[in-house]
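Below: one structure, written as structure tokens.
The values are calculated or read from the model by the stated rules, or taken from the named source; none is laboratory data. All values derive from a computational prediction rather than experimental measurement. Counting neighbours? That spans all protein chains shown, and the Cβs are built from the backbone with ideal geometry, glycine included. The accessibility values were calculated without ligands, DNA or RNA, using every heavy atom of the protein model including side chains. Shrake-Rupley method; radii C 1.70, N 1.55, O 1.52, S 1.80 Å.
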Amino acid sequence: MKLGKPERMIINGRRLDGRGLYELRPIKMKVGVLKNADGSSYLEWGGNKILCAVHGPRELHPKHLARPDKAILRCIYSMATFSVKERKKPGPDRRSIELSKVIREALENVVFLHLFPQTVIDVYIKVLQSDGGTRCASIVAASLALADAGIPMKDLVAACAAGKVDGQIVLDLFEIEDNYGEADLPVAIVPKTGEIVLLQMDGNMTREEFEKALELAISGALKVYELQKKALYEKYGASYETKR
Ligand code: ADP
């Protein structure tokens, strides 16, 4: 059930959830949360709750899908039936197929796939609770789980959206803003190289608004990147310190 469109979504510079225009929602992340996966992560980003598991590199079946020169990366994004207010029909739909594809394409930019020919790396992303911006949150969780699996990467992928709500450019839209705002611009970056590996836009903005929103989304992603590094440090920091 979609809630009705609120009359206003920004009142005196505050958003419906109390945030300022350029403020991120509260974010918590943890790696190594599932013992049966090679790597895993759990992320809470505002009202989003996302669990991610990575398996591999491992042998690929059926074998004819394997590549002689590199590993293939498979991503499956799925929403739990209880992740939204009305029961979400189980199984893949157009949206989850699209999200799985764009998440995979973003991650393919950082994983050193050529080190593992003939194999597959599987990334399973389960949205347990959804509140807008799950594609960015999924990319963030997935790159943490890949790192937790020890898979060599040139960097983590960090992500965040910006958009336009009530005529104003805002950072990190939550579900109501996503549904009723004028535009949403999810962005994923590779902080070390400055590459943009996901850029989608829903709605309309002028060129100036777009440029401002892009800059804002990148600044949000860089803050998320710091939290990702902190989450890895919390699990691996001590062993890193003692090895030095
Ligand atoms: P993103 O989650 O990346 O923002 P969308 O813009 O497609 O992707 O979706 C925005 C939000 O709409 C989701 O985060 C979720 O909270 C909500 N939503 C998506 N699909 C459904 C669904 N089938 N039922 C209810 N809400 C949904």
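Summary of values
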{"quantity": "Qualifying position, being under 16 Å from Glu23 (Cα atoms) and of a type in the set (D, E, K, R), among Asp184, Asp155", "calculated": "Asp184"}
{"quantity": "Pro6 assigned to a loop (DSSP other than H, G, I, E, B) and either in contact (Cβ under 8 Å) with a residue 40 or more places away in the chain or of a type in the set (A, V, I, L, M) (or both)", "calculated": "yes"}
{"quantity": "Pairs, first among the acidic types (Asp, Glu) in segment 22-45, second in a loop (DSSP other than H, G, I, E, B) and modelled with pLDDT of 95 or more, C-beta under 9 Å, six or more apart", "calculated": "Glu23/Asp172; Asp38/Ala149; Asp38/Gly150; Asp38/Ile151; Glu44/Pro26"}
{"quantity": "Selection from segment 27-55 of residues that are open to solvent by less than 10 Å² (accessible area, probe 1.4 Å), within 16 Å of the ligand (Cβ to nearest atom) and closer than 21 Å to Met153 by Cα", "calculated": "Leu43, Cys52"}
{"quantity": "Flag if Glu86 is within 30 Å of Asn179 (Cβ to Cβ) and modelled with pLDDT of 95 or more", "calculated": "no"}
{"quantity": "Extreme residue, farthest from Asp166 (Cα to Cα), among residues of segment 198-217 that are within 15 Å of the ligand (Cβ to nearest atom), under 17 Å from the mean Cα position of the chain (by Cα) and buried (at least 18 other Cβ atoms within 10 Å of the Cβ)", "calculated": "Leu198"}
